Amino acid sequence: MQRIIMRFIALTLFIICFLAGSVSAQKRPTKPQPAPKIKLPASVRTKPSHVMDVAKVSPSTRGRLQGSALEIDQLIENRLREKDQRPNEMASDEVFLRRVYLDIAGRIPTLQEATDFLESAVQDKRQNLIDQLLESPDYVSNMYNFWADTLRLTDRPQANIIADPYLSYIKDSIRTNKPYDEWVYEMLTANGKVWEDGAVGYQLRDDGMPLPYVDNTVRVFLGTQIGCAQCHDHPFDDWTQYQFYQLAAFTNGTRTRMLKGYPGFEKTNPANDLINEARTKFDKGRVPGNFQRLVRANTYMVSEVKAAMRLPHDYAYSDHDPKELVAPAVLWGEIPTKAIDSTPREQFAAWLTSDTNEQFSKTIANRLWKRFMGVGLVEPIDDFQDIYPPSNEALMEFLSEEIVRNDFDLKEFMRSIFYSRSYQREASDFDPSSDQKYNYPGPAVRRMTAEQVWDSILTLAVQNPWPFQRPTHDQLAPVLDINFAQDNYNRVLQKTETFKDTYFASTYKRNLNTHSYQGNILCRASELPSPLPPQHFLRQFGQGDRETINGSQEDATVPQILAMFNGPITHVMLEEGSAIVDNVLSIESTRDRVDAIFLSVLSRMPTGADRRIAAGELQKTKADNVGYGNIVWGLLNTREFLFIP
C-alpha cells in the first residue's frame, strides 16, 4: 500500500511540477502565487558565531573502524553471492554528499558545503566529511529527533509534570557522546526531581502506569514485546504472564510523588497548603496557572521503596495463585555480580544494560542499521522473535559485538557503517512490506523524515536555523526548584512569577514566536515544542504525537502536497533575505545561478535537459527573479528532493 501511495504522489508531482533528475523536469501549468512580502525575522538572517560544543571523534580509531567497515562489506557480499545477487555500483560524490548530510546532519548541505566537497580532490574526503558531521551541532539535532520518536519525548507528558530538564538531558547525552549503556542505566535508576537529575524524566514519562513502563522499556531497549503477557500468556511468543510480573517486580517499588516524611512534608501536602493559602490572596480565590503548575510540579520526584509485587486478582493459570507474592526475576541470563547487593531497580538496569546481554546491543545496532540502511536486519525492529530471524545472522552478530567492542560509543559504531562500501553504494528500491528479505546491495531508498524535510527547507531559507535552543538544565533548575522546607509563601510567589516570565508555556511560546514567519517558528525541529499541533508542517509530514514508540509515519498524503505547493514554509525561501535568494542573486552569470539552485536544492549539477527547461522558464518570465523563484519552487516539489538517494 505504501508503495502504491508513493507512486501516486510521484505521478501527481510529475504532472503538475517542474521535475528534475531521474524523473526529469517539467513546468507546472500555473505559476505559484507569490506570498505577501513579509520580512524574515532578524534572528534568522545572520549566521550564528557559535551553536554548541560537541564531542569530537577520535582520529586514531579511523583505521580500526575502516577495518570494521570492511568486515561489514564482506558479510554483506557473502550473503549476496549466496543469493546470486551483486552489490550496486558505488554512489557518485553528489549522491553520497546528499545522503550523508541527511543521515548525520538531518538536512541537505548548503551551497557552500556542497561546492567545497564536490570540488575537493582529497583522497579520503568522504571519511573526513563523515567525521566532520559527527562533530557538528546538526548531528546532535538529528539524533535528538531520532530518540524523540523512540522515547516519546514530549514537553508535557502529564498535566503537572515539567519535562524540559529531561529533554535537555537527552540532548546533552547526545552532545557529549555519553556511552549508550551509561545513559540508559541512568534513566532507569535516577532519583529526585527532574531538574535535580534530568534522567528521572524517563520514569515520569509513564507516570501512573507501572506495568506499561516495563513493557515500553523492554520494547525500546531490548527489542522484545512482552506487553501481551501483562494480561495473559503471550499467544505468539514464549513469555508468560508470570514472567511479566517477575520482571515488573524489579520496578514495583518506584514512586513518583513526594512521600510523607520528606523535608517540608511532615503532616500535610505542602503543595496543597500553598495553593490553599494562595486562594486567600488572589481575587475571588483564582490562583494563576503558573503558580499551581510550578508548585505541583515540585511534588513529582522519583524514589524507590520496598514494595511487594503480587499477581493480579484474576490470574487464571494453574501454576500460581491469584494475589500470590512474586519474586523478581529476569527474562533471560543473570543479574551481573556487581549488582547483586543493589536495589531492585539497579539490578534491573544492570541486567538490561550489561555487555553480556546480547539483546541490548543487538537492539540498538538494529535500530541504527535501519535508520541508515533503510531496512532493519530484524523487522519489526522492536519485535525480535524466532519467526522474524535476521536477514543476515552473521552481520547481526558482528554489529552487536561491534557495539560492545566500542564500549557503547554510538558515534564509533556509526562511523563503521558510514565508512563501509555498502553504505556508500547506489540505493535500491525495496518494498519493506514484501515477504522478501533485503540483502543490502546498497541502502534502500527512503523518504525523508518530517524533521529532515523541515530542516532541509530551513537550510535553504535561513542563514541561522538556531535562533534559540531548548533551555538547559543549568538555566531551568534555579527557576523551577521550590524547597518546601525553607521557602515560605512570599518566596514561592516570587519564584512562580519568575517562572511565568520565562518558562511557563504561554510566555515561552510567545517568545518563540519572535522567530516566526507567517506563524511558523523558523528553528530546527529538535528545538520546537513537542508535540506540535496537528496542522503544523511537521505533523502533516508524519511527525508522531509522541504517544507511541516510533509513532512517526512515512505515508504520502494530499495535505503534504498542498503544504509543499502553497504552504508558508515553502514560500519563506523566496522572501527577500532568505539564504537561497541571497546566494543566487550574488552570482552574476545566469548559468551559474541555475547551477547554484540545483546544488542548493538537490545537491547536484543540472543535466543538459534541466538547463534547457530552466532556460525556457527564465525566458517566459519578464522579471528574472520570478523565474529563478519558479525553478526553486519546482525543484522543491520533486520526488528527488523528498527522498534520500
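The values are calculated or read from the model by the stated rules, or taken from the named source; none is laboratory data. What you see is a predicted model, and the numbers here were worked out from it, not measured in a lab. Neighbour counts run over all protein chains shown; Cβ positions are idealised from the backbone, glycine included.
Can you name the condition, by its number, that Y440 falls short on among (1) of a type in the set (F, W, Y); (2) surrounded by 18 or more Cβ atoms within 10 Å (Cβ to Cβ); (3) not assigned by TED's automatic domain parsing to the domain that holds G106?
With respect to (1) of a type in the set (F, W, Y); (2) surrounded by 18 or more Cβ atoms within 10 Å (Cβ to Cβ); (3) not assigned by TED's automatic domain parsing to the domain that holds G106, Y440 is out only on (3).
Working only within segment 335-352, note down all residues that are closer than 22 Å to D215 by Cβ, assigned to a loop (DSSP other than H, G, I, E, B) and of a type outside the set (A, V, I, L, M).
Selection gives T343 alone.
Any residue that is over 30 Å from D481 (Cβ atoms) and either among the small types (G, A, S) or assigned to a loop (DSSP other than H, G, I, E, B) (or both) - is there at least one of those in segment 288-306?
Checking segment 288-306: not a single residue is over 30 Å from D481 (Cβ atoms) and either among the small types (G, A, S) or assigned to a loop (DSSP other than H, G, I, E, B) (or both).
Just to verify a result, which residue in segment 277-322, among those that are within 41 Å of the chain's Cα centre (by Cα) and charged (D, E, K, R), is surrounded by the most Cβ atoms within 10 Å (Cβ to Cβ)?
Filtering segment 277-322 for residues that are within 41 Å of the chain's Cα centre (by Cα) and charged (D, E, K, R), the one surrounded by the most Cβ atoms within 10 Å (Cβ to Cβ) comes out as R293.
Within segment 173-191, track down each residue that is among the acidic types (D, E) and surrounded by 19 or more Cβ atoms within 10 Å (Cβ to Cβ).
D181, E186
For segment 236-267, which residues satisfy the criterion of being over 18 Å from E304 (Cβ atoms), touching a helix residue (DSSP H, G or I) at 6+ places or on another chain (Cβ under 7 Å) and either of a type in the set (S, T, Y) or modelled with pLDDT of 90 or more (or both)?
Scanning segment 236-267 gives T240, Q241, Q243, F244, G264.
Checking the condition closer than 19 Å to I549 by Cα and of a type in the set (D, E, K, R), which residue from E397, E379 passes? Don't jump to the end; show me each part of the working.
Numbers: E397 fails: closer than 19 Å to I549 by Cα.
Result: E379 is the single residue among E397, E379 that is closer than 19 Å to I549 by Cα and of a type in the set (D, E, K, R).
Quick one: is D431 at pLDDT below 95, in contact with a helix residue (DSSP H, G or I) (Cβ under 6 Å, 6 or more places away or on another chain) and within 22 Å of A91 (Cα to Cα)?
Against the criterion (at pLDDT below 95, in contact with a helix residue (DSSP H, G or I) (Cβ under 6 Å, 6 or more places away or on another chain) and within 22 Å of A91 (Cα to Cα)), D431 qualifies.
If a residue has to be modelled with pLDDT under 95, over 25 Å from the mean Cα position of the chain (by Cα) and of a type outside the set (A, V, I, L, M, F, W, C) to count, how many in segment 382-411 make the cut?
Final tally of qualifying residues: 4.
Quick one: which helices (runs of 4 or more DSSP H) lie wholly within segment 541-645 and hold at least 1 residues that are among the small types (G, A, S) and crowded, with 22+ Cβ neighbours inside 10 Å?
Of the helices (runs of 4 or more DSSP H) lying wholly inside segment 541-645, those with at least 1 residues that are among the small types (G, A, S) and crowded, with 22+ Cβ neighbours inside 10 Å span 579-585, 590-602, 608-620, 624-636.
Which members of segment 203-249 meet the condition of being in contact with a strand residue (DSSP E or B) (Cβ under 9 Å, 6 or more places away or on another chain) and either part of a helix (DSSP H, G or I) or closer than 19 Å to D314 by Cα (or both)?
Result: Q203, L204, P210, Y213, Y242, Y245, Q246, A248, A249.
Are there any pairs, at least 6 apart or on different chains, whose C-beta atoms fall under 8 Å, with the first in segment 548-567 and over 23 Å from P432 (Cβ atoms) and the second assigned to a loop (DSSP other than H, G, I, E, B), and if so, which?
These pairs meet every condition: A563/F541; M564/N637; F565/P32; F565/N637; N566/P32; N566/Q33.
Tell me which residues, restricted to segment 105-122, are assigned to a helix (DSSP H, G or I), under 24 Å from the mean Cα position of the chain (by Cα) and closer than 13 Å to S600 by Cα.
Passing the criteria: only E113.
For every residue, the table says whether it meets (1) touching a helix residue (DSSP H, G or I) at 6+ places or on another chain (Cβ under 7 Å); (2) in the same structural domain as P210 (by TED's automatic domain parsing); (3) at pLDDT below 95; (4) farther than 30 Å from A427 by Cβ.
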{"site": "D314", "(1), (2), (3), (4)": "no, yes, yes, yes"}
{"site": "D319", "(1), (2), (3), (4)": "yes, yes, yes, yes"}
{"site": "V326", "(1), (2), (3), (4)": "yes, yes, no, yes"}
{"site": "I335", "(1), (2), (3), (4)": "yes, yes, no, yes"}
{"site": "R345", "(1), (2), (3), (4)": "yes, yes, no, yes"}
{"site": "F348", "(1), (2), (3), (4)": "yes, yes, no, yes"}
{"site": "L368", "(1), (2), (3), (4)": "yes, no, no, no"}
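Every residue in segment 179-192 that is in contact with a helix residue (DSSP H, G or I) (Cβ under 7 Å, 6 or more places away or on another chain) and not in a helix (DSSP H, G or I), please.
The answer is A190, N191, G192.
Does D233 qualify as being modelled with pLDDT under 95, in the same structural domain as L311 (by TED's automatic domain parsing), among the charged types (D, E, K, R) and surrounded by fewer than 23 Cβ atoms within 10 Å (Cβ to Cβ)?
yes
Whether any residue in segment 129-145 is farther than 27 Å from L528 by Cβ and either without any contact (Cβ under 8 Å) to a residue 12 or more places away in the chain or in contact with a His (Cβ under 7 Å, 6 or more places away or on another chain) (or both) is what I want to check.
Checking segment 129-145: not a single residue is farther than 27 Å from L528 by Cβ and either without any contact (Cβ under 8 Å) to a residue 12 or more places away in the chain or in contact with a His (Cβ under 7 Å, 6 or more places away or on another chain) (or both).
With respect to the numbered conditions (1) at pLDDT 95 or above; (2) out of contact with any Asp or Glu (no Cβ under 6 Å at 6 or more places or on another chain); (3) closer than 22 Å to Y245 by Cβ, which one is the sole condition not fulfilled by V287?
Against the list (1) at pLDDT 95 or above; (2) out of contact with any Asp or Glu (no Cβ under 6 Å at 6 or more places or on another chain); (3) closer than 22 Å to Y245 by Cβ, V287 comes up short only on (3).
Would you mind telling me which numbered condition in (1) closer than 24 Å to P478 by Cβ; (2) in contact with a helix residue (DSSP H, G or I) (Cβ under 9 Å, 6 or more places away or on another chain); (3) of a type in the set (V, I, T) T176 fails?
(2)
Considering segment 123-141 alone, what residues qualify as being within 19 Å of A91 (Cβ to Cβ), in contact with a helix residue (DSSP H, G or I) (Cβ under 9 Å, 6 or more places away or on another chain) and not in a helix (DSSP H, G or I)?
D124
Among S530, S516, S456, S526, which is among the polar types (S, T, N, Q), within 20 Å of V572 (Cα to Cα), touching a Leu at 6+ places or on another chain (Cβ under 7 Å) and not assigned by TED's automatic domain parsing to the domain that holds D197?
Every option except S516 fails the conditions.
Out of the residues in segment 577-634 meeting the condition of being among the basic types (K, R) and in contact with a helix residue (DSSP H, G or I) (Cβ under 7 Å, 6 or more places away or on another chain), tell me which one is farthest from T115 (Cα to Cα).
Among residues in segment 577-634 that are among the basic types (K, R) and in contact with a helix residue (DSSP H, G or I) (Cβ under 7 Å, 6 or more places away or on another chain), the one farthest from T115 (Cα to Cα) is R611.
Restricting the search to segment 68-91, which residues are free of Cβ contacts under 8 Å to residues at least 40 places away in the same chain and among the polar types (S, T, N, Q)?
Q74
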